[in-house]
C-alpha cells in the first residue's frame, strides 16, 4: 500500500502507478499532451511537471512512479510559468488556424493554451511552412500543426503493430510521415487519428462537415463487421452518421478499432438502399406497398404449407442480424411454417466447425476471453490470418508476441509476418496432412489422455494408418514448440473447414487441443455467428443450444410457444439448396443474406433458387440473391435498430439505435407481421420484449435483461456438457490427398478492408481497396511475364474473371489468392464444391486455375 | 537495390549485434559508403533483410544528417546554422556560401561540383563557425577562409578532372 500526498490530499494506492495516474485517481487533473491512457508514458511534452518535496527540480508526473510518503504539488505559480513557457514554444510553429481546423473544440492544445497559455507569442520569426497533404485517400496530414508528441507513432508501433508511420527528420524539421511520404499504405486502422491531440492527422471522411460540438446524438454501440464485437461510439447529426470513434478503454477492443469498423459505416447512408418492398409482377420486380407485399408472402407461404406441408418451406437466417431477429425468425419457421429447415451461411464454416468440435470436445465455442490470448506462451495460428479476419483479436496475438510469446503459423498469415517465430508453409492444400502429422507426433510423445475415449480412439486410428513423414521444413520444430509449451492457444480460421474432407482438419485441431490442453479460438468473420446458433437458427437445435431430439426440451418450448414443434429433421443449408433443386423445398425465406454471392458455385446456387416456387428476401440492398426473389422486403441496418449480438467469446452486447431510418422495418417486425397473417400471433412491442422471452426460454440467457447487458461483461455461462450428444462420426481415413499437379491453384483470401455485400457499399473502404486483385508469388508472376498491376484472366472449370495482379512473396509456389468481396468478381463464382459428410460444410473444389495475361 | 554481395555484408553486420534492429544504422552507413546515398528502394530491401519496419528505417536515416537520402554532388558542403555559428557575423556563413555558389539549401551547382546543406550543430560551438566538406571538418571559419576552401576545390578539380 502506497500513501502519498497530492495537493494536500492524501491518496492511497492499491497498485504502484505513476504520480499522474495517482492524481487522476484522486480526481486531480494534471495537464498532458504526450501522455495517453492507451500508451506507455513518454515524458516528451513536459507539461505534466509537478513539484515534489525534497526533489530539487520539477518532475514529469507521467514517468515518476508514486512512492510512499511523497508530497506532490500539481499547481503553483512556478509550475504555471513553466507550462506557459512550454506552450509558448509549441506555438512558435503551431499555426493559429483554429477557426479553420477540424480539431477545434476537441483539441488538447487549444484547451491547454486556453487555460495556461500566453495569448500572444513573443516569437517574431516565421513559422514552419508545410502544405497540408491530401495525397492519402483517407487521412489528411497537416504537419504545421504537429507538436511531435509521437502519440501516433507509439500507437502504430506499440499497439497496432503496423509500424507504418514514424518521425522523420530531426529538430525543428521533425514530422510524422508514412514511409512512402505519399499515401499511408498501411492497415488503415485509424488509431493514429484517435490519439492525435491536435489537428495534425485528420479523417477526410468528414472533413469540414461538422464541428465536434454540433453533434446531435452520441451512441455507444458495437461494430457490425466481425465476430469480435468491438465497442464504438457513433456520432450523429441530422439523422446521419458523422463519424465512428472508439473510446479509450471501452469494450473488448479497449479503444482500438480496425479499418472496417472505423471507416466502413457509410453503407448505411448508401443510395442503393431499398426503400420500398418489391414484388415480382410479370417477371419483373416492381415497387409495392408493405401491406400488399406482406399479404403476398403470408398467402403464398400458407398455400405451400397447405399443399406440400411445412417441410417444403425453409429459412436462411443471418449472422449479420441480431439475436432477437434470429430468434423470431426460427420461431416463425418452426411454428408458423411448421418446418425445421432452418440454417444460415455460417454452415460454410463457423457453425459446421463448432458443431463437430462440440461433438468431439464437449465444447464447440471459444471458451476463453480474447484478452486471454495475450497471456499464452505459444499461439498456434491455422487456417487464416487473424489480423485480417478478426483484426482486434489479431492485435492480442501481436501483443503476446511483443511480450515474448512464440507465434507459430501454419500456412499464410500476412499480418503476423513480423511477429511470428516460426512459419510452416506446406505445399498447396496440404495443411490438413501437416496437422494430422503433428497430431500423430504429439500423441506419440504425450500418449492417450484418457478423458474423451472417442477422441483417443480417433487419434489411435489416425496413428495406425499414418504413413511416413511429409518432410516439410520446420515441422519438427513446430512439434517441439507445441510440446514444450506451458500454455498453448490455438487460433483456428475457417479456411481449412472449407476444403474437401474439411472435418479432418477440425478433428486434427480438436485432437491437438485435447492432447495439449490448449485453449481454442475460432475465428468468426460475421458479427453474430455464435448468437445465431444460440438463437436456434440451426436445424438440429432450439434456442439455447437445446437439441431438438431431446423430448423434454422440446416439450418445454412447445408449452412456451403454444403449439407443436415439427417432428421431422431439419435440412442444413446445402441440403436446402439440394432440396430446392429437386423440388422438395418449394419456398425459401432468406433474412439478411446473399447466398448467391456468399456460397461457392454461384451458378449452381442460382439455379437452385430459380427452381423455387416462392423466394422471399429481406435485405438492405437489392443483392444478387434479392434480384431472384419474388418478394423483396427492405430491412433496417446497423444503428437503425436495437438488438443484442453475441461475439465469438460468448459476450452478449447491445447494439443500439442511433438514427431513424427513412424506410424499412426491423427484421423481427417484418417476420412477426407475416407470422400474424399466417395465423401464428407474435405480439412483440420492441426488441427488448423479445429478449425477455429469450431470457425465459433459453438457459443461456436466463434472467438476462437489456439493463444487465448494457453494463457490459455479459458472457453466457459455459457448463461444458456436450449438448448435442456424443460423437457421430470419427474422421474417415482418406488416403493422402490427391495429386496437386496443376500450374496454379486458386484459394480464398480474406482481406482486411472488405467483408462483402456491406463493405463494397462503403466509399471509404472502396477507396482504400477499390478492386479485387489476384495475389501471386513474385517468381511465378515473372514466369508468366506478369508485373504488379497487369490484368490477368483467371479461368477455372466453373467460370472466368478478369482481375489485376498484385505480387505477394509470402504466398508459396503455385497458389494464387482471390477475395470474395466484389460484385461480379467473387472467388466463389469460379469454384464448385462437394459437401463434407461430417460437418456439412462445403469443401471447395475445382481450384485448378489457368492464368492468361491480357 | 541491394545486391547479393551487399546483402551478405549486411548479414555479417547483423551478427555483431545482439538483435537485428541494432544493425540499422551501421547498415545504412554501409549502403551510403557503397552507393553514395541511400535510396527508397535500398531502405525497402534493407527492411526485408533486417525484418524491421521500413518507416523506422527511414526515420533513422532521416535523423542523422550524415546519412544522405538524395544523390549529392562531388563535394557536399554542410554548414552549421545553430546559435554559436550564426552569431559570428551579421550575414551568416550559410548565406554567404549560398551567395557565392549561387545555390540554396539542398541544391546542386549546375556543374555538379557542389551541393549545399544547412545542418544542426556539428559539435564545434567553441570553434564556431564550422562546416564540413564531405568528411573533412573545418572550424574557426570566416567568409575569407570559406572562400579559400571553395576556390581551392575548384582549382584542384579543374586541374584533375577535365
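Since every read-out is calculated from the coordinates, none of them should be taken as a lab result. What you see is a predicted model, and the numbers here were worked out from it, not measured in a lab. As a convention, Cβ positions derive from the backbone with ideal geometry for all residues, glycine included, and neighbour counts pool all protein chains shown.
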Residues A:812, A:775, A:29 arranged by fewest to most Cβ contacts within 10 Å: A:29, A:812, A:775
Per-bin percent of Cα-Cα distances, segment A:225-315 [5 Å]: 3, 11, 13, 12, 11, 9, 10, 12, 11, 7, 2, 0
Ranking of A:625, A:559 by count of other Cβ atoms within 10 Å, fewest first: A:559, A:625
Peptide ranges B:34-42, A:425-433 listed from the most packed, as the mean C-beta count within 10 angstrom indicates: A:425-433, B:34-42
Alpha-carbon centroid distance for the pair segment A:104-178 / segment A:255-324, whole angstrom: 47
In Å, descending, principal axis extents of the Cα set of segment A:572-622: 30, 21, 19
Cα gyration tensor shape of segment A:2-75, rounded if a/c is under 1.5, else prolate or oblate by comparing a/b with b/c: oblate
Degrees between helix A:77-93 axis and first principal axis of chain A (Cα, 0 to 90, nearest 10): 70
Rg and Dmax of segment B:4-63, Cα atoms only, in Å: 10.2, 28
With eigenvalues of the C-alpha gyration tensor scaled by 5 and rooted, segment B:53-162, Å: 23, 20, 12
Expected 222 nm ellipticity per residue - DSSP helices of 4 or more, -39500 (n - 2.57), all of chain A, to 500: -8000 deg cm²/dmol
Ellipticity estimate at 222 nm from DSSP helix runs (n ≥ 4, -39,500 (n - 2.57)) divided over chain B, nearest 500: -14000 deg cm²/dmol
Beta bridges per DSSP with both ends in segment A:745-853, % antiparallel, nearest 5: 65
Per residue, the convex hull volume that the Cα atoms of chain A enclose (Å³): 179
C-alpha long axis of helix A:502-516 to longest principal axis of chain A, angle in °: 50
Tensor-based shape of segment A:745-853 (alpha-carbon gyration tensor, a/c under 1.5 rounded, otherwise prolate or oblate): oblate
For chain A: relative contact order, % (alpha-carbon pairs under 8 angstrom, 6 or more apart): 13
Whole-Å distance, taken between Cα centres, linking segment A:429-456 and segment A:823-854: 29
DSSP-defined beta bridges in the protein assembly as shown - what % are antiparallel, rounded to 5: 55
Cα-only radius of gyration and Dmax that characterise segment A:380-441, units Å: 11.9, 33
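Which whole-number percent gives the relative contact order of segment A:536-635, counting Cα pairs below 8 Å spaced six or more residues apart?
19
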0 to 90° range, to nearest 10: angle between helix A:350-361 axis and chain A longest Cα axis: 80
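Sort segment A:248-395 into rounded, prolate or oblate with this rule: let a ≥ b ≥ c be the square roots of the eigenvalues of the Cα gyration tensor; rounded if a/c is under 1.5, and if a/c is not under 1.5, prolate when a/b is larger than b/c, oblate otherwise. Working shown, then result.
On the way: a/c = 3.10, a/b = 1.62, b/c = 1.92.
Judged from the Cα gyration tensor, segment A:248-395 comes out oblate (a/c at least 1.5, b/c at or above a/b).
At a threshold of 8 angstrom on Cα-Cα distance, excluding pairs fewer than six apart, so keeping six or more, what relative contact order does segment B:4-63 reach in percent?
31
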Between segment B:106-162 and segment A:685-705, the alpha-carbon center distance in angstrom: 81
Ascending count of other beta-carbon atoms within 10 Å, so fewest first, for A:613, B:111, A:692: B:111, A:692, A:613
